[in-house]
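Read through the structure below, which is laid out as structure tokens, and then see the notes.
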Amino acid sequence: MSQYPSEPSLEETFILNRAQLWRIARKIVRTSDLADDVTQDAYLKIAGGPCARQADRPFSYCCQVVRNMALDYCRRHAVEAAYRSFEVDVEVVEIPCSASPERVLRERRVIDAIDRLLSALPPRTRHAFELYRLEGLTQRDIAQRLGCSLGLANGMIAEAMKAIGQCRHLLDGD
């Protein structure tokens, strides 16, 4: 119990207002399960602190603890999500096998055909296509780099793509 009989302790305040504190956590973490975790951890922090805490406004203090823990959960989740790899069912994943000699030959023919078609394009068109596909530049960046309009850059890339599309028939036969 608290030193002052009229004031409830932090733990008592937390228990009396648990539903409202849970709603605060829920608004921040956006899932009921995480709100449960936040609320439980906040209670353990308040109840299991190294020393007895006194607060002028116990409910506000409890709200702040819940809010801070919920924000910590969100930050931690964002960091973990950045490093998390997607779960893959290894039994379903196809393991690439070495390509057959026929497939290797077909792929080399396609690459040679694409190379010939790109070589036949005007140098500026080929350069625009290389900037787009190999360097990953946007059409706006390509237009700026080549000193032309955005429409012209788009047209040059489309021309190169159309030329390469002529090689599509070589890929059939897998």
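The values are calculated or read from the model by the stated rules, or taken from the named source; none is laboratory data. Fair warning: this is a prediction, and the values are worked out from it, not measured in the lab. A quick note on method: Cβ atoms are made from the backbone with ideal geometry, for glycine too, and the neighbour counts reach across all protein chains shown.
Of note:
- Cβ-Cβ under 9 Å pairs, at least 6 apart or on other chains, segment 112-132 side assigned by TED's automatic domain parsing to the domain that holds Met161 and closer than 15 Å to Ala143 by Cβ, far side of a type outside the set (Ser, Thr, Tyr) and not in a helix (DSSP H, G or I): Arg124/Cys148; Ala128/Cys148; Phe129/Leu121; Leu131/Leu137
- Annotation: Ile164 fulfils all but one of (1) surrounded by 13 or more Cβ atoms within 10 Å (Cβ to Cβ); (2) at pLDDT 85 or above; the unmet one is (2).
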